[in-house]
Amino acid sequence: MYCSTCTWRNGGEDRSCQKCTPIRPVPQGFRPTTLTANAKYASFRTRLGAYIIDCTVALGLVLVISYVLSLAIGYSFKLETDGKVHAMAALVGIAVGIVVPWVYWAAMESSSNQATLGEMALGIIVTDHKGGRISFWRATGRHFARIISAFILLVGYIMIAFTERKQGLHDIMTSCLVLKLV
């Protein structure tokens, strides 16, 4: 049994922690690596690798969904060649390009895996400051805060290499940590 205060592993059914206080029930989804005092923060390179994988996945999803919807729009208008059909297909493509990456990142990072496909492949998870799972809305905020990290000449991303807990601006803004599973 793990102590929920200090994360010390206690043997058997002891009701008091060998290190600190009485043991409280372990929260669902508890991962000892996320709550220990010596948690490993994911490095800039590891996070960059995961981001490249995720961008590839998201781009593939956007292209496939946009293509299918564009075909559907074309067929529904009997493949007319006027500007309205092309404009509508372009608007659908833009909407898909915004919605699909948002839902992909937010849903995956707020899931029980706490990671996108790229993050899972490289063994990293996104947590709150207590090591718990983040909500869909916090993951949404983190996703859109990446725009600010990128907008200021990528300084929000470069911060990851230099901050103590390897946090980018978008992580700091949403109170998130990215941890390397050991």
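The values are calculated or read from the model by the stated rules, or taken from the named source; none is laboratory data. Keep in mind the model is a prediction, meaning the values are calculated, not measured. Neighbour counts run over all protein chains shown; Cβ positions are idealised from the backbone, glycine included.
Let me confirm something: among E119, E164, which residue is among the acidic types (D, E) and over 10 Å from the mean Cα position of the chain (by Cα)?
E164
Output the residue which, of all residues in region 167-182 that are part of a loop (DSSP other than H, G, I, E, B) and touching a strand residue (DSSP E or B) at 6+ places or on another chain (Cβ under 8 Å), is farthest from A50 (Cα to Cα).
Looking at residues that are part of a loop (DSSP other than H, G, I, E, B) and touching a strand residue (DSSP E or B) at 6+ places or on another chain (Cβ under 8 Å), I get S175.
Kindly list the number of the only condition in (1) in a loop (DSSP other than H, G, I, E, B); (2) at pLDDT 95 or above; (3) not hydrophobic (A, V, I, L, M, F, W, C) that fails for E164.
In the conditions (1) in a loop (DSSP other than H, G, I, E, B); (2) at pLDDT 95 or above; (3) not hydrophobic (A, V, I, L, M, F, W, C), E164 misses (2) alone.
May I ask you to say which residue of A139, A121, A106, A115 is surrounded by fewer than 19 Cβ atoms within 10 Å (Cβ to Cβ) and either more than 15 Å from T46 (Cα to Cα) or touching a helix residue (DSSP H, G or I) at 6+ places or on another chain (Cβ under 9 Å) (or both)?
Unique residue meeting the criteria: A121.
Which one of these is among the β-branched types (V, I, T) and at pLDDT 95 or above: I73, I52?
The conditions single out I52.
Scan region 94-109 and report the pairs whose first residue is more than 9 Å from A58 (Cβ to Cβ) and whose second residue is of a type in the set (S, T, Y), with Cβ atoms within less than 6 Å and a gap of 6+ or a chain change.
Within 6 Å, the pairs are V96/S66; A106/T140; M108/T116.
Assess whether S175 counts as being buried (at least 16 other Cβ atoms within 10 Å of the Cβ) and either not assigned by TED's automatic domain parsing to the domain that holds T46 or not charged (D, E, K, R) (or both).
no
So, G156, is that one under 18 Å from I52 (Cα atoms) and part of a helix (DSSP H, G or I) or not?
Yes.
For G93, only one of the following conditions fails: (1) assigned to a helix (DSSP H, G or I); (2) closer than 30 Å to F162 by Cα. What is its number?
Among (1) assigned to a helix (DSSP H, G or I); (2) closer than 30 Å to F162 by Cα, G93 violates only (2).
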